[in-house]
Amino acid sequence: MADKNSKKAVRAGRRRLRVRSRIIGTAERPRLSVYKSLRHTFVQIIDDEKHSTLIGLASNAKTIVSALGGGKKSDVAKKLGAMAAKLAKEKGIEKVVFDRNQFRYHGRIKAVADGAREGGLQF
């Protein structure tokens, strides 16, 4: 019998594939992908046609930690979304497709989306 954690990983992989089957990033509208671990949040803006990451941010990067400050994880995630929106605007990206991965749209995932919207990105 498989252990509990491997079953959870299989289910998470299925959820990720189900979400990704409907979401594709293009050059005009790249994909804003969000991942969260127990401590940190990671945001990438990806062009799936070129298979390239246009912008990548993480809440544990040394250059970003000082800009984000402390606070609750959801507050840091919101600031991270706003920073991603600012960098995207500098690169000429106005619209994105939101990719929540296997995570539910609440908490830190929603905070990243709200921060990106406040920063000027359109979903």
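The values are calculated or read from the model by the stated rules, or taken from the named source; none is laboratory data. These numbers come from a predicted model, not from an experiment. Cβ atoms come from the backbone with ideal geometry, glycine included; neighbour counts cover every protein chain shown. Calculation scope for accessible area: heavy atoms of the full protein, side chains included, ligands and nucleic acids excluded. Shrake-Rupley method; radii C 1.70, N 1.55, O 1.52, S 1.80 Å.
Let me cross-check Lys4: its accessible surface, 1.4 Å probe, with only protein heavy atoms counted, in Å² to the nearest 10?
150
Rolling a 1.4 angstrom probe over the protein chains, ignoring ligands and nucleic acids, what is the accessible area of His106 in square angstrom, nearest 10?
In the full protein context, His106 sits at about 100 Å².
How much of the accessible area of the chain, in percent, comes from carbon and sulfur atoms when a 1.4 Å probe is used?
Numbers: 3980 of 7660 Å².
Using a 1.4 Å probe with all protein chains present, the chain comes out at 52 percent carbon and sulfur.
Kindly state, to the nearest 0.05, the FRET efficiency for Glu94 paired with Lys7, given R0 = 30 Å and r defined as their beta-carbon distance.
Details: r = 41 Å, r/R0 = 1.37.
Calculated value: 0.15.
So which aspartates and glutamates pass the test for Lys50, namely a Cα distance under 17 Å, with those fewer than 8 places away in the same chain ruled out?
Glu28
So if I place +1 on the C-beta of Lys and Arg and -1 on the C-beta of Asp and Glu, and nothing else carries charge, what would the dipole magnitude of the chain be about its Cα centre? I want it in debye, nearest 20. List each step's numbers first, then the result.
Numbers: 29 positive and 11 negative charges, 155 e Å.
Dipole about the Cα centre, nearest 20: 740 debye.
Under a 10 Å cutoff between Cα atoms, tell me which one of Arg16, Arg39, Arg29 has the largest fluctuation in the Gaussian network model of the chain.
Arg39
From the list (i) 9.3; (ii) 8.2; (iii) 7.4, can you say which value of mean projected area of the Cα convex hull in nm² was derived from the structure given?
Identified label for the calculated read-out: (ii).
Taking the solvent-accessible surface of protein heavy atoms with a 1.4 Å probe, what is the per residue accessible area of segment 24-122 in Å²?
55
With a length cut of 27 Å (Cα positions projected on each helix's long axis) and a Kyte-Doolittle mean of at least 0.0, go through the chain and give me the DSSP H helices that pass.
Numbers: long enough: 4-22 (28 Å, -1.73).
TM-like helix candidates: nothing returned.
Under a cut-off of 23 Å between alpha-carbon atoms, report the lysines in cross-link reach of Lys7, not counting same-chain residues fewer than 8 places apart.
Within reach: Lys36.
Answer with one residue from Thr53, Asn101, Val65: the one whose Cα lies farthest towards the positive end of the charge dipole of segment 46-123, charges on Cβ with Lys, Arg +1 and Asp, Glu -1.
Selected residue: Val65.
Where Lys and Arg each count +1 and Asp and Glu each count -1, what net charge lies around Leu38 among other residues with Cβ under 13 Å from its Cβ? Present the calculation step by step, with values, prior to reporting the outcome.
Details: positive: Lys36, Arg39, Lys73, Arg108; negative: none.
Here the count lands on +4.
Just to verify a number: FRET efficiency for Glu49 and Lys73, C-beta to C-beta distance, R0 = 35 Å, to 0.05?
Values: r = 33 Å, r/R0 = 0.93.
Using R0 = 35 Å, I get an efficiency of 0.60.
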